[in-house]
Structures are given as structure tokens and as C-alpha cells.
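The values are calculated or read from the model by the stated rules, or taken from the named source; none is laboratory data. No experiment lies behind these values; they were computed from the predicted model shown. Reconstructed Cβ throughout: ideal geometry from the backbone, glycine too, with neighbour counts over all protein chains shown.
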Amino acid sequence: MADSIYRAPKGTRDILWPDSARWRRLVEVFADVVGAAGYTHVVPPMFEHVDVFRRLGDATDVVAKEMYEFLDKGGRSVALRPEQTASVVRAFAEHRPVVPWKVWYAGPNFRYERAQKGRFRQFDQVGVEALGPDDPHLDAEVIALAWRFYERLGLRQVTLLLNSLGNPDDRARYVEALTAHFSADADALSAESRKTLTTNPLRVLDSPRTEDAELIDAAPQMPDFLSDDAATHFAGVRAALDALGIPYTVSPRLVRGLDYYLRTTFEFTAEALDAAQDAIGGGGRYDRLAEAMGAPPTPGVGFALGVDRTLLACDAEAVFDAPASAVDVFVVDTCGGDEAVLVTDEVRRAGLRADRAWDDRSMKAQMKAADRSGATVAVIIGEDERSGGNATVRDLRGDAGQETVARTDLIENLRTRLQ
Ligand code: AMP
């Protein structure tokens with residue numbers, strides 16, 4: 001059935017205040033945390049030539065099955081971005097900035113997914129990418145940034161799962177062993193997993209189906225296939241996380257949905273959420289991607305965190321509340337409204353949030369509006385205040401009462417009350 005034009009399309013929604021304010025604050029906190037580590041903001045386009053995403057690998061679900069792909073009016077094949085690493089690495093290849101190139105981004109992605117709670121067709125992510133060094137300390141820095149960000153939001157029940165997929169050769173040998181293992185007993189697999197086995201054997205490990213569990217449990221494990229080089233790199237990442245006191249669980253079956261990861265991969269899960277939507281972020285190393293985008297071979301590591309899911313986790317832990325009000329000060333003017341024009345402007349210029357009533361309503365109606373606004377204080381200007389060059393300041397939330405102050409002292413008075 002066609003979606004009604006009076007509703008947001010399936011898998012999308014409007015984010016209204018106060019959720020939108022909380023949303024923006026989350027991005028601000030993120031910018032603050034990663035900005036403190038020298039990551040600079042990058043704003044890639046929301047659509048790219050489809051080939052940019054194809055470089056992520058045809059076995060990557062978001063590319064193979066979920067892309068919003070279309071021909072534009074000029075006949076170009078383009079796609080709305082299903083994720084942002086590809087765009088950032090394409091930008092790296094295009095601009096060739098000096099390395100290390102450490103950047104962060106925030107914005108929507110588009111995936112034609114089955115919409116459900118915490119799973120949307122348009123969803124936002126914040127993330128970082130760091131290109132240049134293949135130093136395991138950089139992997140640890142990237143992981144630590146996500147961890148510190150969650151801490152800043154107040155989240156306490158986050159688990160970090162960590163794995164290494166090895167160097168390309170290690171990964172290839174592992175995929176071969178997995179294919180042999182699953183193929184030997186393919187009849188015991190679910191139909192879905194038999195299909196996955198032909199396209200992306202690693203992803204069979206992700207199958208949630210009970211009939212696959214036994215074979216998955218018996219499957220070869222990635223750590224047994226790591227070369228010395230990859231094992232040393234992984235040990236370096238773990239040692240740095242240990243030194244930082246960031247707890248993690250090594251999860252040999254963590255393969256993640258994006259095909260391009262090598263060596264370090266990681267995922268954050270929120271214990272307070274149901275298993276179906278508990279993945280709140282993830283990332284890893286993608287040392288071959290820059291080359292695939294036409295840049296000189298350049299290692300890279302990064303992560304993307306789901307904004308919607310992170311906020312759901314905050315809800316579940318009752319942290320990072322939405323703001324209680326949109327304004328601090330509400331101006332009530334019973335002299336016709338001209339005073340409110342001036343006073344709101346003055347209060348706003350002083351950096352305080354202020355609103356007012358409209359349409360020259362009665363004092364009672366204006367006080368009701370003041371209350372509804374959620375403001376902490378009302379500034380009331382009647383004829384007496386106007387002629388005396390004063391304003392009455394009334395506490396709307398506590399028991400500080402009201403007082404009349406000279407207009408010249410108003411801002412100072414409000415500042416003290418709102419501290
Ligand atoms: P990915 O880019 O697939 O590695 O996903 C990184 C994070 O983005 C996940 O852990 C989720 O928190 C979030 N995410 C991915 N897909 C969706 C979606 N369709 N709706 C909401 N959040 C998503």
C-alpha cells in the first residue's frame with residue numbers, strides 16, 4: 001500500500017523538540033570529545049557516484065541490498081550514502097590531505113531496511129576516520145574516543161567487543177577454512193545461511209538462527225589464523241586499551257556487516273537495550289580502502305555510532321535527559337507589546353533564551369503562556385513598571401517570589417537567578 005502523503009515515509013520520522021534539542025546536544029558533545037583529540041569536521045555530500053559505494057565490496061549488505069540508487073536527470077548513476085566511511089575516504093583520495101588525517105562527521109545515512117524500533121531507513125550517525133598511521137595506538141585512540149563519548153553522555157552499561165580479522169591473507173585463509181567447514185555440512189544450515197555462504201561466508205557467523213548455532217559453535221576461530229604481524233598489532237591495541245582502563249571482551253566471531261574491515265574490528269553494545277537493537281556503534285580498520293578509491297595505499301581506522309540507538313540507550317539508562325524547556329525567560333507586557341519587543345531583544349542579546357506572548361492578550365492569558373513555556377522566570381512590564389523605568393521579575397518554578405528591579409539592573413538580576 002502506498003504511504004500516505006500526510007505521513008513521513010516508512011522508516012523515516014520527524015524529530016521534534018525536545019528530542020531535536022537532545023539530538024543536537026549529543027552532536028555537540030561528540031564534537032567536543034573528538035575535537036579535543038584534533039579531529040576536524042568534514043561534511044561529505046549525501047549522495048555519490050554509485051561506484052564509490054561499490055568499492056566497499058559487493059558482499060557488503062548495505063551496498064548489495066539496501067542502497068537508494070537512482071539515475072539523476074543527467075543520466076548519472078548515483079546513490080544516497082548508506083554510510084559515510086566511503087565518502088570520507090573518497091574525499092581523502094580527491095584532496096590528498098597530509099596524513100595523519102583525522103576527521104569527524106555527523107549526519108544522515110539511507111538504507112532500505114526493514115523498518116522497526118531503532119532501525120530506520122534514514123538514520124543519523126556520528127563518526128571519526130583516521131587515515132595514515134597503522135600504529136595500533138591509533139586504533140586504541142579511536143576506540144577510546146567512542147568510549148569517552150559514551151561516558152560523557154552518562155552511559156554506564158556499554159560493552160566493547162573487540163576482534164582482529166587479520167591481514168588480507170589471514171582473512172582470506174580464514175574465509176577458506178570457514179567455507180570448507182560450513183560447506184561440509186551445508187544441509188544442516190538454514191536456507192538463509194546457505195545463501196550467505198555463497199556470497200559472504202564470514203557473515204554466516206552473524207546468523208541469529210538457532211538451527212545454525214551448532215555449526216557456528218564448531219567453526220574455526222579467527223585468532224588461530226592471525227599472522228604474527230596481525231597478532232602483534234592486535235596485542236598492541238589491547239595493551240593500550242588495558243593501559244587506559246577501557247574494558248573489552250575479545251569476541252572471535254565479531255565480523256561486522258561491512259566487507260572492508262581488516263585487522264581491528266569492534267562494536268559497542270548497550271546492555272540496557274533489547275538484543276535486536278543493542279548495537280549502538282562499531283568500526284574497524286580498512287587499510288585497503290584508500291587504495292580502492294584511487295589514493296596511494298593508506299591505512300585507515302574509524303567508527304560510526306548510531307545517534308538514534310545511542311539515545312535509546314540513554315533513555316534505557318535514564319541519562320542525558322532532554323531539556324526541560326526551550327526558554328529561560330518569558331516576557332509579559334500588558335502595555336500593548338512594544339516593551340516586549342525591546343526586552344526580549346535585550347535579554348536574548350545578553351545570551352539568555354527569551355520568549356514572549358503575542359496578540360496583546362490579558363495578563364492572565366500571558367501568565368498562562370509564561371507557565372506553559374517552561375521558563376524559569378517571567379519579566380512583567382505593566383504601566384507602573386513602564387513609567388517607573390522598572391520591570392517585575394517573578395519566579396515561575398521555585399519559591400523566590402517576585403521583585404521589582406530597575407530596567408538597568410534587569411539583565412544582572414536575571415543572570416543571578418538563572419545561574
Ligand atoms: P554500521 O554503519 O552498519 O556499522 O552501523 C553503525 C551503527 O549505526 C550501528 O551500531 C547502529 O547503532 C547504527 N545503525 C545502523 N543501521 C541503522 C538503522 N537502519 N537505523 C538506525 N541505526 C542504525
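Couple of notes before you dig in:
- The strands (runs of 3 or more DSSP E) falling completely within the range 291-406 that include 2 or more residues that are touching a strand residue (DSSP E or B) at 6+ places or on another chain (Cβ under 8 Å) and polar (S, T, N, Q) map to 390-395, 402-406.
- Residue identified as assigned by TED's automatic domain parsing to the domain that holds Asp333 and either closer than 15 Å to Val343 by Cα or touching a residue at least 60 places away in the same chain (Cβ under 8 Å) (or both) among Ala354, Ala400, Ala365: Ala354
- Near pairs, Cβ below 7 angstrom, 6+ apart or cross-chain, from the range 381-393 (on the phi > 0 side of the Ramachandran plot) to any residue that is among the aliphatic types (A, V, I, L, M): Gly389/Ala406
- Residue in the range 261-281 that is of a type in the set (A, V, I, L, M), away from the ligand (no atom under 16 Å from the Cβ), within 20 Å of Gly166 (Cα to Cα) and crowded, with 20+ Cβ neighbours inside 10 Å present: no
- Wholly enclosed strands (runs of 3 or more DSSP E) of the range 56-125 bearing at least 1 residues crowded, with 19+ Cβ neighbours inside 10 Å and within 11 Å of the ligand (Cβ to nearest atom): 101-110
- Looking across the range 220-236 at every residue that is surrounded by fewer than 19 Cβ atoms within 10 Å (Cβ to Cβ) and part of a loop (DSSP other than H, G, I, E, B), the one that is nearest to the chain's Cα centre (by Cα) is identified as Gln221.
- The C-beta contact set for the range 250-278 (first residue free of Cβ contacts under 8 Å to residues at least 40 places away in the same chain, second residue of a type in the set (A, V, I, L, M) and within 12 Å of the ligand (Cβ to nearest atom), distance under 9 angstrom, 6+ apart or interchain) comprises Asp278/Ala270; Asp278/Ala313.
- Leading residue by the ranking (surrounded by the most Cβ atoms within 10 Å (Cβ to Cβ)) among those in the range 38-55 that are among the β-branched types (Val, Ile, Thr) and in contact with a Lys or Arg (Cβ under 9 Å, 6 or more places away or on another chain): Val52
- Residues of the range 1-37 satisfying the condition of being surrounded by 11 or more Cβ atoms within 10 Å (Cβ to Cβ) and in a loop (DSSP other than H, G, I, E, B): Asp3, Ala8, Pro9, Lys10, Gly11, Thr12, Arg13, Ile15, Trp17, Pro18, Ala37
- All conditions but one from (1) within 15 Å of the ligand (Cβ to nearest atom); (2) of a type outside the set (Phe, Trp, Tyr); (3) at pLDDT 95 or above; (4) under 15 Å from the mean Cα position of the chain (by Cα) apply to Glu151; the one that does not is (1).
- Residue tally, condition closer than 22 Å to Val27 by Cα and either away from the ligand (no atom under 16 Å from the Cβ) or assigned to a helix (DSSP H, G or I) (or both), over the range 154-172: 2
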